[in-house]
Amino acid sequence: MTVATPALTKVPNFINGRWIGCDASEWIDVTNPATGDVIAQTPLCGPADVDAAVEAAAAAFPDWRRTPPQDRIQPLFKLKQLLEDHVDDLARILTQENGKTLTEAKAELRRAIENVEVACGIPTMMQGYNLEDVARGIDETMIRQPLGVVAAIVPFNFPGMIPFWFLPYAIATGNTFVLKPSERVPLTMLRAYELMEKIGLPKGVVNMVNGGKTVVDALLDHPKVRAISFVGSTPVARYVYARAGEHGKRAQCQGGAKNHVIVLPDADMKMTTQIIGDSAFGCAGQRCLAVSVAVTIGEAQKTFRDSITEAAASLRVGNGLEEGIQMGPVISPHSKARVESLIETGQRQGAKILLDGRNPRIPKSETGNFVKPTILDGVPATSELTDTEIFGPVLSMVHANDLDEALAFLERSPYGNQASLFTSSGAAARRFRYEAPAGNIGINIGVAAPMAYFPFSGWKGSFFGIMHAQGHDAIEFFTEKKIVVERWAKEHSRKF
Ligand code: NAD
């Protein structure tokens, strides 16, 4: 944390259709994780900035909710096209502030665009239902209405996609919206909001306030904010869920993860290795759906161990802007130090390091936060690593005698974001799908990320709430149901 220096981009807020500087006394440096260069500064704004954004959103709401759904989605069609047209530009910004490769950044933006596309279906998706003659001459109707002002608080690892899990659905259903980006990666949304200035949204429909915990708390406490969407680590998700609840707000809070993959000996080992390698080490292991623990069964212990170690060792690690780079850095020096110390903990507690990615030398990027792919074998079931989300390119391997034992291992995990199975047995796959204790299931899939028209699930400590992000759940979350019971046809009705 530093005092703002004049030469750097100081990230402004977007309130009531205008860019407004924040006169914060504290600023966070935004650094390029591949080089360590400071590229911008995020203000740690305060309650007054939140209040201005929420009041602007509240003032815009009455007119926006009366705008027909068909008209509300027209700006989203324009946004889709603008995001398509600017995907290269957005991906470069994303790579510079987050560190993931350009290919990964573009894939992330693709999912953002898909969410905009799905929200364009709101005139159909938001419809209610009705039934005539629930009693003689009486009809009953369920209609959905928007809530009012809603807010989203998002993490650093998908700065281009996660805001779009919420924003398009929130505004298409007639709400007005306040976003708080991650203070570590505010630049992708700065650019996306610049694009949104051109899509014809009325002032105050979308707003953005930058900062950290103070902004989050002000959103949670503000009486005019009706709903909170949160994505981040489990302790903060739990806190946000509880504090939103205290104020009577609805909340959907996605938390951290520790994702398991079970590898059966009948799996296609070449494909398995490639897919699990991408899941564990893609985005430098900083995906909430990254495979973190591989549970091998039978001879997969040896075959998978050997092939994944070889594949991981050959990954090209470096600055994600460079051609051919397959894995970028982790987000910060602090994160690098934490990941490396967890590797050491694993070793101390009995794991064997098959591939050690600590303190690598990366030509041309020696000041970046790099940890190379790391594989720990034989992590004891009781070790600190078993339940700790590492959030770096580290794959732990454990061995189980059969599927029963492997599933029991998953059952003990405090998280339930994703579980995957690699096999060629339909019966094993069916059993796994039926019993695996996680919200997103992959069968021969390494990152089981639901498409935009399915909810992004999550169980146990990975999710607090009922309605998830994306698809129909988003419509449920951002609307409230009103039931109307009507008597008009007096001649057919009960006589008084
Ligand atoms: P984080 O919890 O540190 O921060 C998330 C957001 O909360 C940020 O906007 C931050 O400013 C705010 N915040 C941080 N500390 C806070 C506090 N004490 N009080 C109030 N607000 C606070 O998470 P992160 O490091 O940015 O992101 C990584 C985490 O997000 C990982 O745990 C990852 O698994 C999780 N994640 C989960 C999903 C999912 O779908 N379940 C998706 C992406 C990321």
- MRE, 222 nm, helices only [DSSP H, n ≥ 4, -39500 (n - 2.57), over the chain, to nearest 500]: -11000 deg cm²/dmol
- What distance in nm separates the simple spin-label points at Arg136 and Lys213, each placed 7 Å from Cα in the Cβ direction? 6.6 nm
- Query: Which distance in Å, rounded to a whole number, links the C-alpha centroids of region 442-464 and region 321-340?
  - Reply: 24 Å
- Can you spot the aspartates and glutamates whose alpha carbon is less than 15 Å from Lys364's alpha carbon? Ignore those fewer than 8 places along the same chain. Asp37, Glu322, Glu323
- Item | Fraction of antiparallel bridges per DSSP, the chain only, in percent to nearest 5 | 40 percent
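With a probe of 1.4 Å, find how much accessible area the chain has per residue, and write the answer as a whole number in Å². Please list the in-between numbers first.
On the way: 20420 Å² over 496 residues.
The answer is 41 Å² per residue.
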- Task: Find the centroid of the Cα atoms in region 248-315 and in region 147-216, then give the distance between the two in whole Å.
- Result: 31 Å
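With the cut-off at 19 Å, tell me which of the pairs Lys270/Lys302; Lys336/Lys372; Lys106/Lys336 have Cα atoms farther apart than that. Before the final figure, lay out each step's value.
Values: Lys270/Lys302 14 Å; Lys336/Lys372 10 Å; Lys106/Lys336 24 Å.
Beyond 19 Å: Lys106/Lys336.
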- Item | Extension reserve of the Ile20-Glu384 stretch, reckoned as 0.36 nm per residue once the Cα distance is removed | 126.5 nm
- Message: For a quick check: with amide H placed at 1.01 Å from N, whose amide H comes under 5 Å from Gly442's, ignoring anything fewer than 5 positions away on the same chain?
- Response: Ala419, Ser420, Leu421
- Taking every Cα atom in the chain, find the radius of gyration and the maximum pairwise distance Dmax, and write them in Å. 24.0, 88
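Just the number, please: percent antiparallel of the DSSP beta bridges in region 352-496, rounded to the nearest 5.
Values: 6 of 14 bridges.
Antiparallel bridges: around 45 percent, rounded to the nearest 5.
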- Task: Only Lys, Arg, Asp and Glu count, each charged at its Cβ (+1, +1, -1, -1), so figure out the dipole size of region 172-253 about its Cα centre, rounded to 20 debye.
- Result: 120 debye
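Normalised by the residues of the chain, what does the relative contact order come to in percent, with Cα pairs under 8 Å and at least six apart?
Contact order relative to length: 19 percent.
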- Query: Under a straight-distance cross-link criterion of Cα-Cα below 21 Å, which lysines are reachable from Lys224, leaving out those fewer than 8 residues away in the same chain?
  - Reply: Lys180, Lys203, Lys213, Lys249, Lys481, Lys482
- Note on the structure: Taking only the alpha-carbon positions of region 396-477 as identical scatterers, the Debye log10 I(q)/I(0) at q = 0.20, 0.25 Å⁻¹ comes out as -0.95, -1.26
- If R0 is 22 Å, what FRET efficiency do you get for Gln70 and Val484 from their C-beta distance, rounded to 0.05? 0.50
- Note on the structure: Note to self: C-alpha centroids of region 389-424 and region 113-146 sit apart, in Å, by 40 Å
- Counting only protein heavy atoms and using a 1.4 Å probe, what share of the accessible area of the chain belongs to carbon plus sulfur, as a whole percent? 53 percent
- Message: Quick check for me: using +1 on Lys/Arg Cβ and -1 on Asp/Glu Cβ, what's the dipole size of the chain about its Cα centre, in debye to the nearest 20?
- Response: 820 debye
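The values are calculated or read from the model by the stated rules, or taken from the named source; none is laboratory data. For clarity, every value in this text was computed on a predicted model and none was experimentally measured. So basically every Cβ, Gly included, is an ideal-geometry build from the backbone, and we count neighbours across all protein chains shown. Each accessible area value is taken on the protein alone, full model and side chains, heavy atoms only, with ligands, DNA and RNA left out. Shrake-Rupley method; radii C 1.70, N 1.55, O 1.52, S 1.80 Å.
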